[in-house]
4 protein chains.
Amino acid sequence: MSIKFPLILINFKAYSQSSGKKAVELAKVAEKVYKETGVLVAVAPQLTDLALVAQSVEIPVFSQHVDDVTPGAHTGHVTLEAIKDAGAVGTLLNHSEKRIRIDQIDSIVKRAKELGLVTCICANTPEVSAAVAAVNPTMVAIEPPELIGTGIPVSKAKPEIITKTLELVKKVNPEVAVLCGAGISSGEDVAAAVKLGTVGVLVASGVVKAKDWYKAIMDLVSPLIK
Amino acid sequence: MSIKFPLILINFKAYSQSSGKKAVELAKVAEKVYKETGVLVAVAPQLTDLALVAQSVEIPVFSQHVDDVTPGAHTGHVTLEAIKDAGAVGTLLNHSEKRIRIDQIDSIVKRAKELGLVTCICANTPEVSAAVAAVNPTMVAIEPPELIGTGIPVSKAKPEIITKTLELVKKVNPEVAVLCGAGISSGEDVAAAVKLGTVGVLVASGVVKAKDWYKAIMDLVSPLIK
Amino acid sequence: MSIKFPLILINFKAYSQSSGKKAVELAKVAEKVYKETGVLVAVAPQLTDLALVAQSVEIPVFSQHVDDVTPGAHTGHVTLEAIKDAGAVGTLLNHSEKRIRIDQIDSIVKRAKELGLVTCICANTPEVSAAVAAVNPTMVAIEPPELIGTGIPVSKAKPEIITKTLELVKKVNPEVAVLCGAGISSGEDVAAAVKLGTVGVLVASGVVKAKDWYKAIMDLVSPLIK
Amino acid sequence: MSIKFPLILINFKAYSQSSGKKAVELAKVAEKVYKETGVLVAVAPQLTDLALVAQSVEIPVFSQHVDDVTPGAHTGHVTLEAIKDAGAVGTLLNHSEKRIRIDQIDSIVKRAKELGLVTCICANTPEVSAAVAAVNPTMVAIEPPELIGTGIPVSKAKPEIITKTLELVKKVNPEVAVLCGAGISSGEDVAAAVKLGTVGVLVASGVVKAKDWYKAIMDLVSPLIK
């Protein structure tokens with residue numbers, strides 16, 4: 001299925017808690033919350049689980065990364081075509097844990113459009129957010145790396161970073177949707193993020209490491225239920 | 001299942017012909033040949049298809065690549081644990097299309113052993129083959145890059161490279177099995193490779209791009225049927 | 001000395017013709033042309049020749065690259081502080097032969113400003129030019145990679161790329177100066193580039209491989225002499 | 001000049017204390033100690049200072065890194081030819097702060113031999129030391145990364161790593177000289193290293209950050225004076 005906003009995008013990273021069979025389980029919990037609340041929850045499982053997860057759920061599935069190569073002799077690389085064949089609707093790109101070059105982002109975004117795939121480009125500063133917005137992705141996710149995994153939400157600890165990002169991105173390209181991430185773990189954090197003007201959040205450990213996935217995701221979507 | 005020799009290891013690369021549903025189909029053909037002949041055929045599908053393929057067949061499934069990180073906050077990376085969770089028995093490493101560093105190979109091989117996973121390290125020259133043998137992997141695959149994808153088999157075009165590789169590898173570490181690759185597409189090429197002293201082959205386009213997968217794989221295993 | 005526009009910036013790359021003692025010779029020829037014509041010519045010698053060239057001439061000397069690290073335990077890396085200590089006024093960044101990430105460009109540009117160093121960021125497309133302009137460098141150099149080293153000047157073969165780059169860059173950040181490069185080898189190419197709205201050119205093989213350096217550089221600056 | 005053993009090789013890294021003019025000063029102090037004691041001291045200044053330092057002293061000058069490219073259109077890269085033109089006798093390679101791939105080490109070592117240049121390959125474990133020895137460099141320097149910059153000398157804290165490295169390297173290639181590094185700062189550390197069977201040390205902060213360079217280097221060479 002396609003994406004819509006507001007959006008809660010769960011990045012499974014390479015956590016053991018969300019690997020293999022557990023990736024399918026977590027994706028099914030996300031799907032359940034979506035069906036119950038109507039707030040869209042999307043998942044980005046590990047690369048190795050992508051096809052298996054995508055065929056198991058009916059919510060949008062993202063790849064965590066794509067390489068700037070086309071199908072062919074590229075052992076160990078991930079193509080846009082492969083994630084589409086696997087059933088993904090799009091991909092995260094340039095996460096702070098997997099940065100790529102701006103010419104690669106430009107190339108991948110252009111090709112993703114041709115293939116009908118969605119792109120969510122991560123950025124560490126307002127200036128970098130503006131820069132990646134200039135290559136016309138679907139979304140930009142601002143994530144100050146120093147807050148990632150801390151439980152200290154960017155939307156509350158550094159709202160000025162989000163405000164400045166929105167200002168710079170909208171000036172460069174008003175059609176790009178802005179998500180925020182880093183330290184998000186509660187509905188309160190999501191509410192603060194949306195109030196600042198973002199259309200959703202990128203979340204990882206806040207969900208993946210939660211003892212009760214259903215409860216954690218339900219908490220995140222709660223301020224977005226209409 | 002575990003591996004044994006002789007071994008035909010099929011690398012699906014990022015070819016469109018072996019992506020998504022077709023990855024499962026190709027793996028099933030490989031499995032069929034194994035069941036009919038007793039010659040072990042293993043497959044290395046794209047990363048995105050790994051879990052899906054591994055749960056669909058009972059032959060050994062390899063990852064095409066693994067990153068030198070442990071489970072955790074590593075967006076877009078592939079861990080040994082993830083490929084194990086996905087059902088793989090091991091991984092290719094350092095393919096000419098995805099070279100990594102020797103300290104990373106050393107680290108991954110050591111951890112793979114602890115996890116009971118098999119490693120097949122690709123190398124481009126006899127000297128590099130000897131180098132990677134020094135870190136004690138399960139297998140080394142010698143592949144002169146200039147022959148990859150050409151259809152000109154290394155086992156016939158440059159037998160002296162295989163001979164020298166075997167000599168240097170055995171001197172450094174006699175327990176390491178040696179495969180050869182590059183240009184392999186027929187049973188004749190496999191027979192030549194085994195006659196030189198290797199225990200099998202790494203093959204990609206010779207199978208993946210074949211019009212008839214069953215026929216192509218059956219031809220490869222034919223000289224190995226007892 | 002500081003920079004001014006129009007500017008002819010000569011990239012020595014890793015050409016043997018401009019290495020070691022010949023780097024100093026070529027820089028002195030560039031200096032001579034500047035002194036005779038008043039048109040500023042700057043040079044970017046190989047990293048290994050940087051300090052030697054910088055202490056030999058009184059025209060602006062650029063580094064070809066800088067790594068995103070601060071002084072310290074970084075064997076084999078090039079810091080902004082090192083190029084400043086060597087006598088450079090600034091650096092090229094993100095050349096098509098040495099691409100770096102956008103977060104690194106952002107970080108280096110911010111630190112370069114603090115150190116009083118000039119930055120010239122190369123870009124391959126109008127969109128990437130706009131992207132790098134968003135991090136506020138001194139200059140952007142648009143260079144379609146397919147024309148680099150061909151002798152086919154971008155300013156004449158693909159003027160629309162320069163026009164679109166100027167349009168997008170000026171919209172994102174009107175304070176960024178735009179150079180163009182790729183295939184530039186004559187005064188005619190420079191005149192065309194300046195007429196389109198750029199403030200100068202980035203040139204490499206057109207000068208370095210010329211039989212007569214003085215004649216080649218004099219030809220380039222000729223349309224800019226007042 | 002050429003190298004000989006025992007050897008004290010000083011890596012200037014990217015320290016501000018050994019940058020620009022101070023690089024020449026430090027190299028001259030090293031030269032002075034060599035002339036007074038006959039114990040060879042070599043220096044590896046930052047890339048940007050290489051030509052300037054090499055033309056200022058008569059002791060062996062090493063590059064800290066070389067890229068696996070030949071002279072040509074390679075902006076921001078360092079070639080073997082460039083360091084030779086700059087006056088270097090050879091290069092460090094694969095330092096823990098600048099790791100490269102084994103196929104690149106193989107390629108660079110082969111070309112360095114043709115050019116009459118010396119190679120010193122750094123390695124982090126005994127197994128990696130054996131691996132790099134297999135591509136036939138002049139020297140291998142074993143440096144456990146966890147001790148680098150600590151002042152805790154590997155020769156005293158982890159002698160078994162050196163012993164095992166010597167054993168594995170000699171088995172793979174008895175012609176390769178073994179240095180050790182990490183935490184070395186005194187003559188006592190050097191004496192311990194040589195007693196274990198190495199032919200010298202790789203040292204960085206222990207010298208560069210010393211208040212009195214002459215005293216620090218003289219202390220290092222003291223146990224080697226005949």
> Has segment C:96-117 got at least one residue that is touching a Ser or Thr at 6+ places or on another chain (Cβ under 7 Å), within 21 Å of residue C:197 (Cα to Cα) and not small (Gly, Ala, Ser)?
Replying inline: no
>> Suppose we filter B:128, B:135 for residues that are out of contact with any Leu (no Cβ under 8 Å at 6 or more places or on another chain), part of a loop (DSSP other than H, G, I, E, B), under 24 Å from residue D:127 (Cα atoms) and aliphatic (A, V, I, L, M); which single one remains?
In response: B:135
> Applying the selection to segment B:28-60, what residues are touching an Asp or Glu at 6+ places or on another chain (Cβ under 6 Å) and either at positive phi or crowded, with 24+ Cβ neighbours inside 10 Å (or both)?
Replying inline: B:51
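Tell me, please, whether a residue that is of a type in the set (A, V, I, L, M) and under 24 Å from residue B:79 (Cα atoms) can be found in segment B:169-176.
Within segment B:169-176, the subset of a type in the set (A, V, I, L, M) is B:169, B:172, B:176.
This time we only want the ones that are under 24 Å from residue B:79 (Cα atoms), so: B:176.
Yes, there is a match, as at least one residue in segment B:169-176 is of a type in the set (A, V, I, L, M) and under 24 Å from residue B:79 (Cα atoms).
Mind checking whether some residue in segment C:162-180 is within 27 Å of residue C:46 (Cα to Cα) and in contact with a Lys or Arg (Cβ under 7 Å, 6 or more places away or on another chain)? Walk me through it before giving the result.
Initial filter on segment C:162-180 (within 27 Å of residue C:46 (Cα to Cα)): C:176-180.
Keeping just the survivors that are in contact with a Lys or Arg (Cβ under 7 Å, 6 or more places away or on another chain) gives none.
Taking every residue of segment C:162-180 in turn, none turns out to be within 27 Å of residue C:46 (Cα to Cα) and in contact with a Lys or Arg (Cβ under 7 Å, 6 or more places away or on another chain).
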> Hey, does segment D:87-95 have a residue that's within 25 Å of residue D:219 (Cβ to Cβ), facing another protein chain (nearest Cβ under 9 Å) and touching a strand residue (DSSP E or B) at 6+ places or on another chain (Cβ under 9 Å)?
Replying inline: yes
> Of all the residues that make up segment A:113-138, how many are more than 8 Å from every other protein chain (Cβ to nearest Cβ) and charged (D, E, K, R)?
Replying inline: 2
> So which residues in segment A:106-122 are out of contact with any Pro (no Cβ under 6 Å at 6 or more places or on another chain) and of a type outside the set (Gly, Ala, Ser)?
Replying inline: A:106, A:108, A:110, A:111, A:113, A:114, A:115, A:117, A:118, A:120, A:122
> Quick one: how many residues across segment D:1-27 are more than 19 Å from residue D:118 (Cα to Cα), at the interface with chain C (Cβ under 10 Å from one of its Cβ atoms) and buried (at least 22 other Cβ atoms within 10 Å of the Cβ)?
Replying inline: 6
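Does residue D:108 satisfy the criteria of being facing chain C (nearest Cβ under 8 Å), among the hydrophobic types (A, V, I, L, M, F, W, C) and in a helix (DSSP H, G or I)?
It is false that residue D:108 is facing chain C (nearest Cβ under 8 Å), among the hydrophobic types (A, V, I, L, M, F, W, C) and in a helix (DSSP H, G or I).
Please go through segment B:2-31 and give me each residue that is assigned to a helix (DSSP H, G or I) and of a type in the set (Phe, Trp, Tyr), ordered by number. Don't jump to the end; show me each part of the working.
First, the residues of segment B:2-31 that are assigned to a helix (DSSP H, G or I): B:16-18, B:21-31.
Hits for segment B:2-31: nothing passes.
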> Taking the stated definitions as given, is residue B:141 within 20 Å of residue B:159 (Cα to Cα), away from chain A (no Cβ under 14 Å), crowded, with 24+ Cβ neighbours inside 10 Å and in contact (Cβ under 8 Å) with a residue 24 or more places away in the chain?
Replying inline: no
> What number of residues in segment A:111-125 are outside any helix (DSSP H, G or I), over 17 Å from residue C:106 (Cβ atoms) and of a type outside the set (A, V, I, L, M)?
Replying inline: 3
>> Please go through (1) surrounded by fewer than 20 Cβ atoms within 10 Å (Cβ to Cβ); (2) closer than 20 Å to residue B:67 by Cβ for residue A:148 and return the number of the only condition it doesn't satisfy.
In response: (1)
> Can you pull out the residues in segment D:171-193 that are surrounded by fewer than 21 Cβ atoms within 10 Å (Cβ to Cβ), of a type outside the set (D, E, K, R), more than 14 Å from the chain's Cα centre (by Cα) and not in a loop (DSSP other than H, G, I, E, B)?
Replying inline: D:187, D:191
> Can you name the condition, by its number, that residue B:84 falls short on among (1) away from chain A (no Cβ under 14 Å); (2) part of a helix (DSSP H, G or I)?
Replying inline: (1)
> Out of (1) touching a helix residue (DSSP H, G or I) at 6+ places or on another chain (Cβ under 7 Å); (2) crowded, with 22+ Cβ neighbours inside 10 Å, the odd one out for residue A:122 is which?
Replying inline: (1)
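So, in segment B:194-207, exactly how many residues are of a type in the set (Val, Ile, Thr) and surrounded by fewer than 19 Cβ atoms within 10 Å (Cβ to Cβ)?
Here is the first cut: in segment B:194-207, the residues of a type in the set (Val, Ile, Thr) are B:194, B:198-199, B:201, B:203, B:207.
With the extra rule that they be surrounded by fewer than 19 Cβ atoms within 10 Å (Cβ to Cβ), the set shrinks to B:194, B:199.
Final tally of qualifying residues: 2.
Return yes or no: is residue D:3 farther than 17 Å from residue C:20 by Cα and modelled with pLDDT under 95? Please lay out each step first, then the result.
On the way: farther than 17 Å from residue C:20 by Cα: yes; modelled with pLDDT under 95: yes.
Judged against the criteria, residue D:3 is a match.
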>> Restricting to segment C:61-74, name every residue that is surrounded by 22 or more Cβ atoms within 10 Å (Cβ to Cβ), part of a loop (DSSP other than H, G, I, E, B) and at the interface with another protein chain (Cβ under 8 Å from one of its Cβ atoms).
In response: C:64, C:65
> Across segment D:192-209, what is the number of residues that are within 16 Å of residue D:28 (Cα to Cα) and touching an Asp or Glu at 6+ places or on another chain (Cβ under 9 Å)?
Replying inline: 0
>> Can you pull out every residue in segment A:32-60 that is in a strand (DSSP E or B) and either of a type in the set (D, E, K, R) or over 19 Å from residue A:93 (Cβ atoms) (or both)?
In response: A:40, A:41
> Within segment D:211-226, can you find the residues that are buried (at least 18 other Cβ atoms within 10 Å of the Cβ) and not charged (D, E, K, R)?
Replying inline: D:213, D:216, D:217, D:218, D:220, D:221, D:223, D:224
> Just wondering, is there one or more residues in segment B:194-209 that are part of a helix (DSSP H, G or I), over 18 Å from the mean Cα position of the chain (by Cα) and either modelled with pLDDT of 95 or more or among the hydrophobic types (A, V, I, L, M, F, W, C) (or both)?
Replying inline: no
> Looking only at residues in segment D:48-81 that are among the aliphatic types (A, V, I, L, M) and in contact with a Gly (Cβ under 7 Å, 6 or more places away or on another chain), which one is farthest from residue D:18 (Cα to Cα)?
Replying inline: D:73
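The values are calculated or read from the model by the stated rules, or taken from the named source; none is laboratory data. Just so it is clear, the structure is predicted and the values come from calculations on it, not from any experiment. Glycine also receives a Cβ, built like all others from the backbone with ideal geometry; neighbour counts cover every protein chain displayed.
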